[in-house]
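Here's the structure we're looking at; comments come further down.
The values are calculated or read from the model by the stated rules, or taken from the named source; none is laboratory data. Just so it is clear, the structure is predicted and the values come from calculations on it, not from any experiment. Note: ideal-geometry Cβ built from the backbone for every residue, glycine included; neighbour counts use all protein chains shown. Side chains included, ligands, DNA and RNA excluded: accessible areas come from the protein's heavy atoms. Shrake-Rupley method; radii C 1.70, N 1.55, O 1.52, S 1.80 Å.
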Amino acid sequence: MSAVSILEVKTSNELKQFVKFPMELYKNNPYYVPSFIKDEIKVWDPKENPALHYSQAKQFLAKKEGKIVGRIAVIINRKEEKELGIKKVRFGWIDFIDDREVSEALIQTAINYAKEHQINLIEGPMGFTNLDKAGMLTFGFEKIATMIGIYNHEYYPQHLESLGLVKEKEWVEFEMNFPKILPPKVEKFSKLIAEKYNLRVLNFKSKEEILPYIKPMFKLLDETYKHLSTYTPISEEQIKTYRDKFFPLIAKNYVICVVDEHNELVSFAVTMPSYSKALQKAKGKLWPFGWWHFLQAEKKNDRANFYLIGIHPEYQRRGVTAIIFKEIFVRFNSMGIDFAETNPELEENKSVQVLWQDYNPVNHKRRRTYALKF
C-alpha cells in the first residue's frame, strides 16, 4: 500500500492545485458547483481577506503515488477565541478521494496543527467566519449545490465518523414551490403591519441605490443573530470584503428593504437568481465567457436562492415578515420564479425557519460540522 504524503501549500502553483483539486474530483458531477478560481485564491491573501488579520491559517495537499488525492485547510480564529472564549482549530476546504488512508492523514494533519498550538479541539468543515461556507452535506446528495453551499460525496461523513469525529452543529435547508396565489393572511397582515408601524418597502431604481444600505444590512444582521452562541460581530473590513465580492452579483429586484418613518432599516432580505448552473458552465472562470452565463441566469430563471434575511429584534414578533414576503411574492411572480431555496440555517434557529411555514417548505438538504476532542 502506497503511503500518503502531506505537503504544506507554500507556492502560488501549489495554491492553484489546492483550489482546483475539487474541480477535478467532481468533474462531470451534475450536482457540484465550482467557485471562481480567482476568488478562492484571494481567500488566502491577507490583502483580500481581513479575517487573516486575526487568524492563523495553513493549507495542505495530500498525495499518493505522485497524484493529489486530497486537501485540507486549518484555521485558528483568534477573534473567536478572545470574544467567545472558544479555543479550537477550524478545518475546512476538505476534499478527498474514497480512500480512508487519505482522509485519516488529512484529519491527523488538523490534529497535529492543533497540538502544536496547545489546542485540543478541531471542528469542520468551516471557514474563517460565520458568513463563510460551513457544514458537510449529510443529506441531499442528489440536489444541485447553491453558490454558497458546500457539496461533497456521500462517503465524506462516513469517513469522518469512522475516524471518531462526532456531530457538532447541524444546518437545514429548505426548498419551496413558490405559490402563484398569495396566502390571504399574508396579504391582510402585510397591509395592517405597514400601516400600524409606518413601514414601507424601498423601491430601488438602480443597483447603485442599494449601496448606502449595505452597511446597515450587516449591522442589522448582527442584531438579528447575536443571540446565537457561535455568532461573532461582522467587522468593518469584512463588510467591505463581502460587499466587493457579492455586490456585482446582486440584481436590484431581488433585494427587499423595509424602513420605518425615519428611513431606518428594520428588515431586509437578499435573494438572488440561482447561479448554480451558470457557475457550472463558467467552470471557475468569469472571463472570457463566464459573465455571459451569469447574465443569462439573471434575465431568465425559474429558481431563486435566499441568502440573507435580517429583522430588528424589536420587530421580530410584530409580523414584519408579512411585508417582506408579500413583496417577494409580487417580484418573484413577475420574474417567473417557481422555486425558492433557503440558505443553510442552524437546526435550532427556529425563529428563522418559522418564516417559511406558510409555503410548504421541504427539508431537502442537511449538513453538519464534525468535531473531535483529544
**OP:** Test T138 against the stated conditions and say whether it is part of a strand (DSSP E or B), surrounded by 16 or more Cβ atoms within 10 Å (Cβ to Cβ), of a type in the set (V, I, T) and touching a helix residue (DSSP H, G or I) at 6+ places or on another chain (Cβ under 8 Å).
**Re:** yes
Original post:
Any residue in the stretch 259-279 that is in contact with a His (Cβ under 6 Å, 6 or more places away or on another chain), open to solvent by less than 70 Å² (accessible area, probe 1.4 Å), within 26 Å of K215 (Cα to Cα) and in contact (Cβ under 8 Å) with a residue 12 or more places away in the chain?
Top reply: yes
Original post:
Which residues, counting only those in the stretch 63-82, are more than 20 Å from N49 (Cα to Cα) and open to solvent by 50 Å² or more (accessible area, probe 1.4 Å)?
Top reply: K63, E65, G66, K67
**OP:** Please go through the stretch 79-117 and pick out each residue that is of a type in the set (S, T, Y) and within 19 Å of R368 (Cα to Cα).
**Re:** S103
**OP:** Output the residues belonging to the stretch 19-66 that are of a type in the set (S, T, N, Q) and assigned to a loop (DSSP other than H, G, I, E, B).
**Re:** N28, N29, S35, N49
Original post:
Say we look at the stretch 84-108 and pick out the residues that are under 25 Å from the mean Cα position of the chain (by Cα) and assigned to a helix (DSSP H, G or I); which of these is farthest from T129 (Cα to Cα)?
Top reply: S103
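Yes/no matrix, rows are residues, columns are (1) crowded, with 19+ Cβ neighbours inside 10 Å; (2) in contact with a helix residue (DSSP H, G or I) (Cβ under 9 Å, 6 or more places away or on another chain); (3) small (G, A, S):
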residue	(1), (2), (3)
K143	no, no, no
L165	yes, yes, no
P184	no, no, no
K207	no, yes, no
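Residue-wise test of (1) at pLDDT 95 or above; (2) among the aliphatic types (A, V, I, L, M); (3) under 21 Å from the mean Cα position of the chain (by Cα).
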{"position": "A3", "(1), (2), (3)": "no, yes, no"}
{"position": "L7", "(1), (2), (3)": "yes, yes, no"}
{"position": "P50", "(1), (2), (3)": "no, no, yes"}
{"position": "A57", "(1), (2), (3)": "yes, yes, yes"}
**OP:** State yes or no: is I144 among the aliphatic types (A, V, I, L, M) and either without any contact (Cβ under 8 Å) to a residue 60 or more places away in the chain or under 22 Å from E261 (Cβ atoms) (or both)?
**Re:** no
Original post:
Under the condition of being farther than 18 Å from Y254 by Cα, touching a strand residue (DSSP E or B) at 6+ places or on another chain (Cβ under 9 Å) and not in a loop (DSSP other than H, G, I, E, B), which residue from the stretch 304-336 is most open to solvent (accessible area, probe 1.4 Å)?
Top reply: E314
